[in-house]
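S.K.: Below is a structure I'd like to ask you about.
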Amino acid sequence: MIDKVKKKLLELMEDGQSKGDKKIVIIDPESLLPPSDEREPDMRTIGLFGDVAEEKVAELIQALLYLNELNKLQPEEEERKPIEFYVSTYGGNADDMFALFDIMTIVKKETDIQTIGLGKVMSAGVLILAAGTEGQRRIGKNCRVMIHNVIGGSMGSLPNLANELGAIEQLQEDYIRALVESTKMTRKQLRKMLNEKVNVYLDAEEAVKLGIADIIV
């Protein structure tokens, strides 16, 4: 694009010199831009690379809400542009996972979210990948997916530990419910996987078969 602008300026300068004119030329900035079909696309891309943690999730939530509001400002006759959301993570905090999941659920009602899993999508990342708009969730052919039980740890008195155990069990139930709603997995199938009490690894084809993603790229 810069080369085209330079060429246009040179043409204007040469034209002025050939006529012997010595005047200031006012140029419409739009005339220096390439045709609309040659311009760079309007990119609406965000990414989760690293742990699912509060600070990063806060940034992603702000980005999702902002991009959704931009879409809402578009004239009604224009098609709303999807958000591309790249995911590559070993997982992280379950509470932050659910915060992001709930916002994605809200935004999807107005703007499509195209999730793309790359490299590794594990633990909390699995639900985030699956939370994209159905039919538009992609996964790299060499991406590894891993599902396991919710992990928690606590210290304190016996009554407090019992209370924390109940909270972790509820978190596990919420995780199962959300995955069942977002994928093709049944509650029985998912419980069987989690009851193995080991990390369950899936390749891209298996992830698509289970409805965690839709398309291998």
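All of the numbers you see were taken from the coordinates with simple rules; none came from a lab. Just so we're clear, the structure is a prediction, and the values are computed from it rather than from any experiment. Don't worry about glycine lacking a Cβ; one is built from the backbone with ideal geometry, like all the others, and counts go over all protein chains shown.
S.K.: Quick one: if you stick a label point 7 Å off each Cα along the C-beta vector at E110 and E69, how many nm between them?
M.R.: Between E110 and E69, the label points sit 1.0 nm apart.
S.K.: Please sort by residue number the trypsin sites (Lys or Arg not before Pro) in the stretch 99-146 whose DSSP state is loop and whose Cβ has at most 12 other Cβ atoms within 10 Å.
M.R.: K109, K141
S.K.: Hey, another quick one. For the stretch 76-155, place one equal point scatterer on every Cα, skip the solvent, and apply the Debye formula. What is log10 of I(q)/I(0) at q = 0.11, 0.19, 0.23 Å⁻¹?
M.R.: Treating every Cα as an identical point scatterer, log10 I(q)/I(0) equals -0.32, -0.80, -1.06.
S.K.: With a 10 Å radius around each residue's Cβ, average the other Cβ atoms per peptide and rank 193-199, 121-127, 97-103, highest first.
M.R.: On the way: 193-199: 12.0, 121-127: 26.6, 97-103: 18.9.
Per-residue mean Cβ counts within 10 Å order the peptides as 121-127, 97-103, 193-199.
S.K.: In addition: Going by average Cβ neighbours within 10 Å, how do the peptides 56-62, 208-214, 168-174, 111-117 rank, with the highest at the top? All intermediate terms of the calculation are to be shown ahead of the outcome.
M.R.: Working: 56-62: 16.6, 208-214: 20.3, 168-174: 14.1, 111-117: 22.4.
Output ranking for 56-62, 208-214, 168-174, 111-117: 111-117, 208-214, 56-62, 168-174.
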